[in-house]
Amino acid sequence: MDHNKGGYRADVSVNTDDGGIIYAHANILGMASPAMKGLLKQSSRFRRQRSISILGVPHDAVRVFIRFLYSSCYGKKEMEEFVMHLLVLSHVYLVPQLKQECEKKLEHGLLTTENVVDIFQLALLCDAPRLSLICHRMILKNFKTVCSTTGWKVMKKSHPALEKELVESMIEEDNRQKERIKKVNERKIYLLLYEAMEALVHIYKDGCQTIGPSDKDFKENQAPCKYVACKGLELLVRHFAGCKLRVPGGCIHCKRMWQLLELHSRLCANSHTCRVPLCRNFKERIKKQSKKDEIRWKMLVKKILRTKRIAGAPFISSAKVSSLWQ
């Protein structure tokens, strides 16, 4: 390729903005770009010098583009300066290798909150789904910052439908994030309830520190309890044993204990041998509960067991619970 007017055997002149001209060779341009080949065929064949026009982009960007058609090379600074123009040119003139390079450079450094809106629009126009997805994620992640950029303000005026779509996406993403946080918090609660059930059985079966069954011989200097929930549960059990308002609804602490005992009975597979208080009584009471309460408790038990399974810790299925409760 020769950019000089007297380029050796150049048979194509590429006209650019501001009257710029780049001289090149038709056979090389045609081999590198199918679209360019079609344009050259349409160009007049009666003149030795054929001519095509590439307008709307800087002259130097066209120069870098033509050079890439010859050598498949580009300069780092030139890519940084003209990456958006090169992306468009590579798409329009069907040069996939250059298009991939532009996308790669944008994905790994050249994409910023300042230019992401412009790049997003170009990615949609240039059929670059991966790049458009990356831009979309960056916009949502940095929504407040992006909304204050010039690119966003221009898009708001020129493409209000796209702006509306992005705002709706942000609202949906915000709702999804809130739902994820809600589920995470729920899983934490369900896991704590499961651990409380294990600690409850531990207290009434084996005893813990200074509390447990009457036949338990408590030794001094016992090893620390492995059940995290034991400490708080031990205080609750002591309160429940001595509270004068123990009836359901009479004391908030006792009410919590009643709920834990009922939850235990629903997880327990063998209430006849279970040493947790009132386990069998709750089993009988369950039969008389309303359908609404029954559904609510079943859903709670299901979520607790599923959370334990997801947590990846040793899981005790309902079929194996009997051995734990005994």
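At a glance:
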| read-out | value |
| --- | --- |
| Scattering curve values for region 139-196, log₁₀ I(q)/I(0), Debye with Cα scatterers, q = 0.22 Å⁻¹ | -0.84 |
| Size of electric dipole in region 234-288: Cβ of Lys, Arg +1 and of Asp, Glu -1, about Cα centre, debye, nearest 20 | 160 debye |
| Computed [θ] at 222 nm, helices only, for the chain once each DSSP H run of length n ≥ 4 contributes -39500 (n - 2.57) | -20000 deg cm²/dmol |
| Farthest toward positive dipole pole in region 144-192 [+1 Lys/Arg, -1 Asp/Glu at C-beta], among Leu166, Ile189, Thr145 | Ile189 |
| Using θ = phi - 60° and Karplus 6.51 cos²θ - 1.76 cosθ + 1.60, couplings along region 284-294 (whole Hz; Gly, Pro as x) | 5, 5, 4, 5, 9, 6, 5, 4, 4, 5, 4 |
| Relative frequency of Cα-Cα separations exceeding 15 Å in region 81-161, percent | 53 percent |
| Centre separation in Å (Cα based) which lies between region 176-200 and region 27-76 | 62 Å |
| Calculated SAXS-style log₁₀ I(q)/I(0) at q = 0.13, 0.14 Å⁻¹ - region 19-162, Debye, Cα scatterers | -0.63, -0.71 |
| Table column - 3J(HN,Hα) (Hz), region 92-103, Karplus curve with 6.51, -1.76, 1.60, x for Gly and Pro | 5, 9, 6, 10, x, 4, 5, 4, 5, 5, 5, 4 |
| Hydrodynamic radius (Kirkwood) for region 114-164, which is based on Cα pairs only, to one decimal in Å | 10.8 Å |
| Which of Phe240, Leu87, Tyr227, positive extreme of dipole for the chain (C-beta unit charges) | Phe240 |
| Descending semi-axes in whole angstrom, ellipsoid equivalent of region 8-92, from the Cα gyration tensor | 22, 13, 12 |
| Area of Tyr227 that stays accessible when all protein chains are in place (1.4 Å probe, Å², to 10) | 50 Å² |
| Relative contact order for region 242-298, counting Cα pairs under 8 Å that sit 6 or more residues apart, in percent | 22 percent |
| Over the chain, relative contact order from alpha-carbon pairs under 8 Å, at least 6 apart, % | 9 percent |
| Surface accessible to a 1.4 Å probe, per residue, for the residues of the chain, Å² | 61 Å² |
| The chain - charge dipole about Cα centre, Lys and Arg +1 at Cβ, Asp and Glu -1, debye rounded to 20 | 1760 debye |
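The values are calculated or read from the model by the stated rules, or taken from the named source; none is laboratory data. The structure presented is a predicted model; accordingly, all values stated were derived computationally and were not measured. Please note: Cβ atoms are built from the backbone with ideal geometry, for glycine as well, and neighbour counts cover all protein chains shown. Protein only, heavy atoms only, side chains kept; ligands, DNA and RNA dropped before computing areas. Shrake-Rupley method; radii C 1.70, N 1.55, O 1.52, S 1.80 Å.
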